[in-house]
1. Where residues in segment 13-39 are of a type in the set (S, T, N, Q) and touching a Ser or Thr at 6+ places or on another chain (Cβ under 8 Å), which of them is surrounded by the most Cβ atoms within 10 Å (Cβ to Cβ)?
2. Residues Met31, Met1, Met48: which one is within 27 Å of Asp127 (Cα to Cα), of a type outside the set (D, E, K, R) and either assigned to a strand (DSSP E or B) or touching a Phe, Trp or Tyr at 6+ places or on another chain (Cβ under 6 Å) (or both)?
3. So which of Gly111, Gly72 ends up being at pLDDT below 95, surrounded by fewer than 19 Cβ atoms within 10 Å (Cβ to Cβ) and on the phi > 0 side of the Ramachandran plot?
4. Loosely packed, with under 12 Cβ neighbours inside 10 Å, more than 22 Å from Val130 (Cα to Cα) and at pLDDT 95 or above, is that true of Met1?
5. Counting only residues that are assigned to a strand (DSSP E or B), among the polar types (S, T, N, Q) and over 24 Å from Arg23 (Cβ atoms), how many does segment 66-101 have?
Amino acid sequence: MIVRDHGDAKKTEVDEDQFISRRYTLRADGMGHSFHETVIKPGGELHMWYKNHKETVICTEGEGQIEDLTEGGKWDLKPGVLYALDKHQQHILSSEKGMTVLCCFSPSLVGMEDHDEQGSYPLYDDDGSVLQR
């Protein structure tokens, strides 16, 4: 059994200009997915395109918006609202006042990932080598 708390997740923290990502589980945990808490900072507008991963996200605090740039549509996010990027949709995640979301990635992230210029994560092998950009 894996048991981790907020302090454990803070050790994996990626703190960027517009967001903070804390990774609770990663590929090394053998779960088949990774689980993250992401804080969108006030005024954050993240252009993302997870070409190599699928992601499910649920808002737990604050409010924001998700815009699908691939298939079209814009939805308001508030606590309890979930969205799933089932077709690698390009999207914009934004929040005027800040928002906290819980995210599940498949395949799992290994931990070193950071968004590239397209807003994507490369797909890494267990040894840290890049399998696909």
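The values are calculated or read from the model by the stated rules, or taken from the named source; none is laboratory data. Just so we're clear, the structure is a prediction, and the values are computed from it rather than from any experiment. Positions of Cβ are generated from backbone atoms using ideal geometry, with glycine treated the same way; all protein chains shown enter the neighbour counts.
1. Of segment 13-39, the ones of a type in the set (S, T, N, Q) are 18, 21, 25, 34, 38.
Filter once more, keeping what is touching a Ser or Thr at 6+ places or on another chain (Cβ under 8 Å): 21, 25, 34, 38.
Numbers: Ser21: 20, Thr25: 22, Ser34: 25, Thr38: 19.
Filtering first and then ranking leaves Ser34.
2. Result: Met48 is the single residue among Met31, Met1, Met48 that is within 27 Å of Asp127 (Cα to Cα), of a type outside the set (D, E, K, R) and either assigned to a strand (DSSP E or B) or touching a Phe, Trp or Tyr at 6+ places or on another chain (Cβ under 6 Å) (or both).
3. Exactly one of Gly111, Gly72 is at pLDDT below 95, surrounded by fewer than 19 Cβ atoms within 10 Å (Cβ to Cβ) and on the phi > 0 side of the Ramachandran plot, namely Gly111.
4. yes
5. Going through segment 66-101 one residue at a time, the tally reaches 0.
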